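**Student:** Here's a structure for you.
The values are calculated or read from the model by the stated rules, or taken from the named source; none is laboratory data. On a predicted model such as this, the values are computed, not experimentally measured, just so you know. FYI the Cβ positions are ideal-geometry reconstructions off the backbone, even for glycines, and counts take in every protein chain you see. For the accessible areas, the whole protein counts, side chains as well, though only heavy atoms, and no ligand, DNA or RNA atoms are used. Shrake-Rupley method; radii C 1.70, N 1.55, O 1.52, S 1.80 Å.
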Amino acid sequence: MDTGLLASDAVEQALKSGCDAAEVFIKTSKRLSVEVKYKAVEALEAANDCGIAVRVLKNRKLGFSYITKPEELRQAVEKAVEGTLWTEADQYNEIPNPPHPPFDKGGMGGILVLDKEIENISEEDAIKKAFILEEGAVNFDKRIKKVRNAMAIFSVSTTAIYNSKGINISYKTSAATAHILALASDGQDNQLGGDFAVSRRLSDIDFTSTGANASKMAISFLGARKISPVKAPVILDSSTAFNFLGILSASLSADAVQKKRSFLAGKIGEQIISPLINVIDNALMPWGIGTKPVDDEGMPGSKKTLISEGRLTAFIHNTYTAKKDGVASTGNAVRGSFKSLPGVDVTNLYIEPYKKVRIQGFKDLRGQVIFHSNPRTFEPSNPLIKSLSKGLLVLDAMGVHTANPISGDFSIGISGLWIENGSAVYPVKEALISGNILELFKKVEEVGSDLRFYGNIGSPSLLIGEMDISA
């Protein structure tokens, strides 16, 4: 499929139909997924997908349509143009101009997003990876009785964006994912544990460790008990801390601010959380799952500090929200799929780990320390755990998605390990913590060095000052 010719014809058709501007967004992908069970292939699926979206502007009125068959593109343009008859004019509707300076040929700008090892992986090798994942869980401990959802997924996608203003860019990305659940049993109690890892580069994923982490989690919960209500410090493991950062991220969107759905509205320049916390959004991080050279409107990605030492410094924007606020787009236009218009979302968002502790990672050519799928750590050697005389290490949080995105209030169930004198004493289940996201982050007393990404959001472990823990 000649995407360039296809898109230019569609744009020309829209302009001839009286539109002031037009854009074509094309997404093609191939995906190979493997699920294994009891050393046998449970499911093997290969899929190829294509989606094309058309966005047009006519007298500041927006029209939009999408298709899955390239031969229907002319009809899609007609439908998008017709859509402008039924929408209201909006002075902030915009299709962006090309970035300055322009990208080099191919539009990649040297950003690392395509791993040839993933692109060329065979079914045989994909199956081997899934078996390694399962073996990592099963071989960890004899108390592991079952493994569920031992899945390895590999995909390559091509994104192309063409518009009437001169944007003409395409790029290819890869992704690999490992996901697994393990069931542990000691004859009296059964517990589930899970883990997953994802990166644009295959070598970043340790399939054995991912399986072992799931088993380690399940075993750590065996014999879990309820505790009496207590007021004590809490350590959020990276896997739970990232969930709370995810709630905060929704309010960092300028779209949420403009729609009065953000608890951070009007707080630029204010100290909103602990001065120990820096929150970064980096679209250029090598191999990050949110990394890409341009956003879904064709604007350049960038690295930006949104919260600096606890002080709110910026919101993220797409072209529409930027024009509304009279600023430049931050390159955060994101489409949920080709079926949706560009919204606003983070790329690779993370809490910066504690700098004074030696951090494992690698340095790219610009000297930045980069983090990928670091092993999940809740060992007694963790400095945050060793420093705790009494408190709860939270390893699992249930219902974080129910937090109120407008107020930031939450009430969630948690499980973890009760810590005394720097050591785990017993596992805890069915506890409850509640509060407000900003208040939670204000109470951060220590930030760990164990940054780990879960998808495109990452966090190190965090030590929170005393919280009310109820049964």
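**Student:** Within the stretch 273-282, does at least one residue satisfy the condition of being under 16 Å from the mean Cα position of the chain (by Cα), polar (S, T, N, Q) and under 30 Å from K443 (Cβ atoms)?
**Tutor:** yes
**Student:** How about the stretch 7-27: which of its residues are open to solvent by 40 Å² or more (accessible area, probe 1.4 Å) and within 32 Å of the chain's Cα centre (by Cα)?
**Tutor:** K27
**Student:** Okay, next question. Taking the stretch 323-334, which residues are surrounded by fewer than 24 Cβ atoms within 10 Å (Cβ to Cβ) and either touching a helix residue (DSSP H, G or I) at 6+ places or on another chain (Cβ under 9 Å) or not in a helix (DSSP H, G or I) (or both)?
**Tutor:** Going residue by residue through the stretch 323-334, those that are surrounded by fewer than 24 Cβ atoms within 10 Å (Cβ to Cβ) are 323-328, 334.
Passing the criteria: K324, D325, G326, V327, A328, V334.
**Student:** Of the residues A130, A152, which is under 19 Å from the mean Cα position of the chain (by Cα), at pLDDT 95 or above and under 20 Å from K39 (Cβ atoms)?
**Tutor:** A152
**Student:** Let me ask something else about it. Determine, yes or no, whether S65 is open to solvent by less than 70 Å² (accessible area, probe 1.4 Å), among the small types (G, A, S) and either under 30 Å from S215 (Cβ atoms) or in contact (Cβ under 8 Å) with a residue 24 or more places away in the chain (or both).
**Tutor:** Considered against the rule, which asks whether it is open to solvent by less than 70 Å² (accessible area, probe 1.4 Å), among the small types (G, A, S) and either under 30 Å from S215 (Cβ atoms) or in contact (Cβ under 8 Å) with a residue 24 or more places away in the chain (or both), S65 comes out as no.
**Student:** Hey, another quick one. Can you tell which of S185, S164, S157 is surrounded by fewer than 19 Cβ atoms within 10 Å (Cβ to Cβ) and over 23 Å from D125 (Cα atoms)?
**Tutor:** Answer to the selection: S185.
**Student:** Within the stretch 285-300, can one find any residue that is of a type outside the set (G, A, S) and open to solvent by 70 Å² or more (accessible area, probe 1.4 Å)? Explain how you work it out, then say what you get.
**Tutor:** Taking the stretch 285-300 as the starting set, the residues that turn out to be of a type outside the set (G, A, S) are 285-287, 289, 291-297, 299-300.
Pick out the ones that are also open to solvent by 70 Å² or more (accessible area, probe 1.4 Å) and you get none.
No, the stretch 285-300 contains no residue that is of a type outside the set (G, A, S) and open to solvent by 70 Å² or more (accessible area, probe 1.4 Å).
**Student:** Using beta carbons and a limit of 8 Å, which pairs, at least six apart or on different chains, have the first residue in the stretch 129-145 and farther than 26 Å from R201 by Cα and open to solvent by 40 Å² or more (accessible area, probe 1.4 Å) and the second one part of a loop (DSSP other than H, G, I, E, B) and not acidic (D, E)?
**Tutor:** R143/L222
**Student:** Of all residues in the stretch 305-319, which are touching a Gly at 6+ places or on another chain (Cβ under 9 Å) and either closer than 30 Å to L202 by Cβ or aromatic (F, W, Y) (or both)?
**Tutor:** Within the stretch 305-319, the first condition is being touching a Gly at 6+ places or on another chain (Cβ under 9 Å), and the residues that meet it are 311-313, 316-318.
The answer is I316, and nothing else.
**Student:** State all residues of the stretch 190-222 that are among the β-branched types (V, I, T) and surrounded by fewer than 24 Cβ atoms within 10 Å (Cβ to Cβ); if no residue qualifies, say none.
**Tutor:** Correct list: V198, I205, T208, I219.
**Student:** Spot the failing condition for Q75; the list is (1) in contact with a Ser or Thr (Cβ under 8 Å, 6 or more places away or on another chain); (2) open to solvent by 30 Å² or more (accessible area, probe 1.4 Å); (3) not aromatic (F, W, Y), and only one is missed.
**Tutor:** Here Q75 meets the rest and fails (1).
**Student:** If the Cβ limit is 8 Å and pairs must be 6+ apart or interchain, which residue in the stretch 69-93 that is closer than 25 Å to N318 by Cβ and touching a residue at least 12 places away in the same chain (Cβ under 8 Å) pairs with which residue that is among the charged types (D, E, K, R) and buried (at least 20 other Cβ atoms within 10 Å of the Cβ)?
**Tutor:** Here the result reads A80/R55; V81/K58; T84/K58, each pair linking the stretch 69-93 to a residue that is among the charged types (D, E, K, R) and buried (at least 20 other Cβ atoms within 10 Å of the Cβ).
One line per residue, one yes/no per condition, for (1) touching an Asp or Glu at 6+ places or on another chain (Cβ under 6 Å); (2) not β-branched (V, I, T):
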| position | (1), (2) |
| --- | --- |
| I247 | no, no |
| V257 | no, no |
| F263 | no, yes |
| I268 | no, no |
| Q271 | no, yes |
| P275 | yes, yes |
| D281 | no, yes |
| T291 | no, no |
| G298 | no, yes |
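**Student:** Can I ask one more? What are the residue pairs meeting all of these: first residue in the stretch 20-46, first residue free of Cβ contacts under 8 Å to residues at least 60 places away in the same chain and under 30 Å from I144 (Cβ atoms), second residue of a type in the set (S, T, Y) and assigned to a strand (DSSP E or B), Cβ atoms under 9 Å, and 6 or more apart or on different chains?
**Tutor:** That search, which allows pairs on different chains as well, returns A43/S33; E45/S33.
**Student:** Looking only at residues that are under 26 Å from A214 (Cα atoms) and open to solvent by 80 Å² or more (accessible area, probe 1.4 Å) in the stretch 391-413, which one is modelled with the highest pLDDT?
**Tutor:** Checked the stretch 391-413; the qualifying residue modelled with the highest pLDDT is M398.
**Student:** Could you give every pair whose Cβ atoms fall below 6 Å, whose first residue belongs to the stretch 201-230 and is over 26 Å from Q188 (Cα atoms), and whose second residue is of a type outside the set (A, V, I, L, M, F, W, C) and open to solvent by 50 Å² or more (accessible area, probe 1.4 Å), counting only separations of at least 6 or pairs across chains?
**Tutor:** Matching pairs, first to second residue: L202/E117; F207/K129; S209/P375.
**Student:** Every residue in the stretch 341-375 that is of a type in the set (D, E, K, R) and either open to solvent by 50 Å² or more (accessible area, probe 1.4 Å) or at pLDDT 55 or above (or both), please.
**Tutor:** Those that are of a type in the set (D, E, K, R) and either open to solvent by 50 Å² or more (accessible area, probe 1.4 Å) or at pLDDT 55 or above (or both): D345, E352, K355, K356, R358, K363, R366.
**Student:** Return only the number of the condition from (1) of a type outside the set (S, T, Y); (2) closer than 27 Å to S251 by Cα; (3) surrounded by fewer than 16 Cβ atoms within 10 Å (Cβ to Cβ) that K443 does not satisfy.
**Tutor:** Single failed check for K443: (3).
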